[in-house]
Structure formats: C-alpha cells, structure tokens
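J.: Just passing along the structure, written as structure tokens.
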Amino acid sequence: MPQDTLTITDNRTGKQYDIPVTDGAIPALALRKIKATPDDFGLMCYDPAFMNTASCRSRITYIDGDRGILRYRGYPIEQLAERRSFLEVAYLLVFGELPDAGQLTAWTEQVTLHTMVHENIKKFMDGFQYDAHPMGMFLSTIGALSTFYPDAKHIGDVESRHLQMLRLIGKVPTIAAYAYRHSMGLPYVMPDNDLSYAGNFLSMMYKMAEAKYRPNPALERALDVLFILHADHEQNCGTNAMRGIGSSQVDPYSALAGAAAALYGPLHGGANEAVLLMLNEIGTIANVPAFIKKVKAGEGRLMGFGHRVYKSYDPRARILKQMSDAVFEVQGRSQLITVALELERIALEDDYFVSRKLYPNVDFYSGLIYQAMKFPVAMFPVLFAIPRTSGWLAQWEEMLLDPEQKIARPRQIYVGEGTRDVPRAATEAAARTTR
Ligand code: CMC
C-alpha cells in the first residue's frame, strides 16, 4: 500500500477506496467514484466559505497563519518592506523574480507611461453624484476601462496580457485619486512622471495651486510600505473573485472590477474604515473596557481583530505598528491611536480573544496611519485596491496559465422543495392577464 494515500471505508456499502494524498491534499474529484448506488452522483465535499478547500496551486504568496509568516515569491514581507520599493514588489509578484537595475528602469518607465487616463474616463467619473463613495467610483471606472481597451479580451496573448497589466498598475492610482478629487469638488491633477509611484499618487490627491507638489519623504515611504504590505495575500475573498471571474475568460478590467467589489465589503478591505468608525465610537480610553464587554457579549465585533488565516499576530500589523511612529512624528499623534493601543493591550490579555486566537490584523493599524496622512475614511478601501491590483493580476495570469484550471463552478447541495405542480388556478389567472 503506497504511504501517500488515504483509505476511506464507505459504511453505506462496505467498499474501500484509496485516494492519493499530494501536498497535503486529496483531489476532491477522487471522491466522486464513491457511490452508494450505481446511479448515485458520487460523494462531494461540503465546504461553505471554502474553510478547508484549496482552489489552486500557487507560486505567488505563502502564508503560515499559525506562525505569522507572509512571503511573496519566497521573500519575507519584513525584508521586502525594509529593502524594496512597491514597484519592485509588483514586478516580483507578476514575473516571479525581483527586477535587476535595467529591468526596474524599464518597468518603472512603462508603468509611468500608462498613468494617464483617457479624457472620456474623466467625463465618465464626472457623471457620479457629488457624494458618491470613492470605492464605488473606483470599481465602476475600472469596469468601464474594458470598453476603452477592447484588445484586452485577447487573454491568451502574453503581450496583450502584459500591456493590460501595465495599464492597470499605471492607472489605478490615477483613478483612485480622481475619485477623491471628484468627491471633494476639486479639479483632477495630471500625473507627475518625475515622482515615485507613491509620490505621484500623493501629488494627484493633494496638489493645489503650487507648480510642483513635493511629497514629504517620510509619508511617501510610509505609503510605499503600505502598498507593499497590501500587494497580495493569496486566496482571500477579492483574489478568489478575480480568479473566479477571470476563469470565465473575461477581460482583466471586468474581472478586476469584481475583485475590487469584493474588497469593498466591511469584512475584507472595508475593515480599516470600520476600525476608525469603531475607535471614534469608543472615543476615550475610559470607554474601552465597556466596549470590550459588549463585544464579548456578542454585540458587535472588535474590528481589525481576527483573521481567517492568521491565528497569531498578522506580520503586516507588526510592521505597521513600528512604522506608525514615523508617520505620527510628521503628522502628530491623534487621540484615536491612544484608544487603539489600549484596546489592543486589553484584548491581547483577555481570554475571550486569546482563546479564539484573535490578534490585530493589518487593518487595525492601516486605518490609523491613513487617517494621520489625512486620507478620508471613505478612501481606505481604495488605498487597499491600488497595490492589490498587482497581486490580482499576478494571480489572474497564474490561473490562466494553469492547465488544471477551468471555469470556476462550485457544486451545491439542493435542499429546496421536491418537484411539485404549479396550481392550475394561478396558471389560468396569469394566462388571462397576459392575453
Ligand atoms: N471580534 C470579536 N469576536 C470575533 C472577531 C472579532 N473581530 N472575529 C471573530 N470572532 C469570534 C467569533 O464570534 C467566533 O466566536 P464563537 O466561536 O464564540 O462563535 C470566533 O471568533 C470565530 O470567528 P469566525 O467568524 O468563525 O472567524 P472567521 O475566520 O470566519 O472570520 C474575520 C474572520 C476576519 C471575518 C473575523 O475575524 C472578523 O469579522 N474580524 C473583524 C473584521 C476584520 O477586521 N476584517 C479584516 C480581515 S484582515 C484583512 C484582509 O486580509 O482582508
């Protein structure tokens, strides 16, 4: 008997089945041959919310949730955050290796070349209500890009794929900043190609009448690190949406609009917005114990705590906690950070959180830093979507090139009514009204 197998006895029939175990997983389709009767469909796995299902093989991001490890293409996130820029990390995610000096120059030039948007995109964005949520504007505009680049449907053509990637990575900061400027009633600012990726984004956000916007180097670096930390996170809700939608072979703009929509939700990319709202609601340190008590009683959650994968401190939260000091030094320390630190201190000692392995996640600190950098709360999920675009695109291409992948189509267990006849009277009444 080969060792790397799982033997299953079906007690309904007494039959035994040997199922191969590869990389710690069994192929779900192997269960299909386990049948109670010859005309039985075969056994399925029931796994709502994909709690224990690997949907792909990936070489992009590694997470060990129990040990708090995150690596992109094998490189520890801590080293990438300390030693590299976001554009280098985006290149790493997409191409699998860090760029050498020549590759980085070419990549930076190409991304920079694609930062401008068509004038009609600006007009499209002008059509939004003055108080439209920037994330709603962002994801709709990304979807609209597919109508500007019909060539993007050639997803089997590597050159076309890479052109769309450059366009998307180049344009997401522009669209994000324009969503903000629209909501503020401010004119759009042209990209400044002399600035870094993060610096140009800050310029498009905040430039007013000055001839040249000069970002504060500490804030520019902090934003770049935030971008690095958010660039990919393996098969989360948004990435699963990107792969799932992309598996229908639609163009990447449409798939990415769907991924951004998934990111918009409060349990995913909207969590940092929810953290700030929560901290504002708590208000002062004195109110922290009462708030914790409410959470423990099941009245709401401690936003920015807990993670489906990390069952220890999220490594990204640790980097951000350290980095926050540099930002607060420039921008000043807010009352909310004091409340946040107290909340964290109490929660990390409380058995409710400890026994459930609920630790701060990346959103616990990112919101505080964004706020210190004067980003409005509604922009938080948009700030997440900018760097995550590179991760989504890397995952999308990996999915397209994976011979094992097909259109994503889960099964269901039907628990509705059995077959039944439509009552004749209602049918006749309906027929009379349509005559
Ligand atoms: N506050 C209080 N209790 C919590 C929390 C929380 N933040 N998170 C989980 N729990 C409890 C939950 O009530 C449950 O308790 P019990 O076993 O008594 O019923 C237990 O912990 C397990 O929770 P779960 O909902 O089964 O865990 P999950 O893996 O489905 O949820 C989560 C993960 C992130 C959705 C959840 O922890 C949560 O809602 N956190 C707050 C929102 C948040 O910060 N989201 C950002 C996620 S990180 C960003 C990203 O990578 O996208």
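J.: Since K207 meets every condition but one in (1) free of Cβ contacts under 8 Å to residues at least 24 places away in the same chain; (2) open to solvent by 60 Å² or more (accessible area, probe 1.4 Å), which condition does it not meet?
T.: Every condition holds for K207 apart from (2).
J.: Now for a separate question. Among the residues of the stretch 267-275, is there at least one that is more than 9 Å from the ligand (Cβ to nearest atom) and open to solvent by 20 Å² or more (accessible area, probe 1.4 Å)?
T.: Yes, the stretch 267-275 has at least one match.
J.: One residue is enough: does the stretch 69-88 have a residue meeting the conditions touching a Leu at 6+ places or on another chain (Cβ under 7 Å), under 21 Å from L401 (Cα atoms) and not in a loop (DSSP other than H, G, I, E, B)?
T.: The answer is yes; a qualifying residue exists.
J.: Among the residues in the stretch 59-69, are any farther than 18 Å from R316 by Cα and out of contact with any Pro (no Cβ under 7 Å at 6 or more places or on another chain)?
T.: Yes.
J.: Would you check if Y365 is open to solvent by 60 Å² or more (accessible area, probe 1.4 Å) and either within 21 Å of the chain's Cα centre (by Cα) or touching a residue at least 60 places away in the same chain (Cβ under 8 Å) (or both)?
T.: no
J.: Any chance you could count how many residues in the stretch 62-97 are under 24 Å from R308 (Cα atoms), in contact with a helix residue (DSSP H, G or I) (Cβ under 7 Å, 6 or more places away or on another chain) and small (G, A, S)?
T.: Total meeting the criteria: 2.
J.: In the stretch 408-418, is there at least one residue being of a type in the set (G, A, S) and either at pLDDT below 90 or within 16 Å of the ligand (Cβ to nearest atom) (or both)?
T.: No, the conditions are met nowhere in the stretch 408-418.
J.: Can I ask one more? Exactly one condition in (1) within 15 Å of the ligand (Cβ to nearest atom); (2) at pLDDT 95 or above; (3) under 25 Å from G244 (Cβ atoms); (4) open to solvent by less than 60 Å² (accessible area, probe 1.4 Å) is false for G65; which is it?
T.: For G65, the exception is condition (2).
J.: Okay, next question. Consider L98 against the criteria (1) surrounded by fewer than 17 Cβ atoms within 10 Å (Cβ to Cβ); (2) in the same structural domain as L223 (by TED's automatic domain parsing); (3) of a type outside the set (F, W, Y): it satisfies all of them except one. Which criterion is unmet?
T.: (1)
J.: Another question, if that's okay. Quick one: which residue in K311, K296 is closer than 21 Å to F353 by Cα, touching a Lys or Arg at 6+ places or on another chain (Cβ under 6 Å) and either open to solvent by 30 Å² or more (accessible area, probe 1.4 Å) or touching a residue at least 60 places away in the same chain (Cβ under 8 Å) (or both)?
T.: K311
J.: Separate question: Any residue in the stretch 99-111 that is assigned to a loop (DSSP other than H, G, I, E, B) and in contact (Cβ under 8 Å) with a residue 24 or more places away in the chain?
T.: no
J.: For the stretch 41-55, state whether one or more residues are farther than 28 Å from H230 by Cα, in contact with a Gly (Cβ under 6 Å, 6 or more places away or on another chain) and either in a loop (DSSP other than H, G, I, E, B) or open to solvent by 50 Å² or more (accessible area, probe 1.4 Å) (or both).
T.: No: the stretch 41-55 contains no residue that is farther than 28 Å from H230 by Cα, in contact with a Gly (Cβ under 6 Å, 6 or more places away or on another chain) and either in a loop (DSSP other than H, G, I, E, B) or open to solvent by 50 Å² or more (accessible area, probe 1.4 Å) (or both).
J.: Tally time: how many residues in the stretch 369-423 are among the hydroxyl-bearing types (S, T, Y), over 16 Å from the mean Cα position of the chain (by Cα) and part of a helix (DSSP H, G or I)?
T.: So the answer is 1.
J.: Could you pull out the residue among L393, L368, L400 that is closer than 16 Å to C237 by Cα and aliphatic (A, V, I, L, M)?
T.: L393
J.: Shifting gears a bit: Starting from the stretch 62-85, take each residue that is within 25 Å of N52 (Cβ to Cβ) and list its partners that are open to solvent by less than 80 Å² (accessible area, probe 1.4 Å) and β-branched (V, I, T), counting only C-beta distances under 6 angstrom and pairs at least six apart or across chains.
T.: Here the result reads I63/V309; G65/V309; L70/I63; L70/I77; Y72/T61, each pair linking the stretch 62-85 to a residue that is open to solvent by less than 80 Å² (accessible area, probe 1.4 Å) and β-branched (V, I, T).
This table checks each residue for (1) in contact with a Leu (Cβ under 8 Å, 6 or more places away or on another chain); (2) over 28 Å from L267 (Cα atoms); (3) within 16 Å of the ligand (Cβ to nearest atom).
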site: L6; (1), (2), (3): no, yes, no
site: D23; (1), (2), (3): no, yes, no
site: I34; (1), (2), (3): yes, yes, no
site: D39; (1), (2), (3): no, yes, no
site: L43; (1), (2), (3): yes, yes, no
site: M51; (1), (2), (3): no, no, yes
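J.: Residue by residue through the stretch 314-349, note down the ones that are within 21 Å of N216 (Cβ to Cβ), without any contact (Cβ under 8 Å) to a residue 60 or more places away in the chain and either away from the ligand (no atom under 16 Å from the Cβ) or assigned to a loop (DSSP other than H, G, I, E, B) (or both).
T.: Q322, S324, D325, F328, G332, R333, S334, I337, listed by residue number.
The values are calculated or read from the model by the stated rules, or taken from the named source; none is laboratory data. Given the structure is predicted, the values throughout are model-derived calculations rather than measurements. Every residue, glycine among them, receives a Cβ derived from its backbone with ideal geometry; neighbour counts consider all protein chains shown. These area figures cover heavy atoms from the full protein model, side chains too; ligands, DNA and RNA do not enter into them. Shrake-Rupley method; radii C 1.70, N 1.55, O 1.52, S 1.80 Å.
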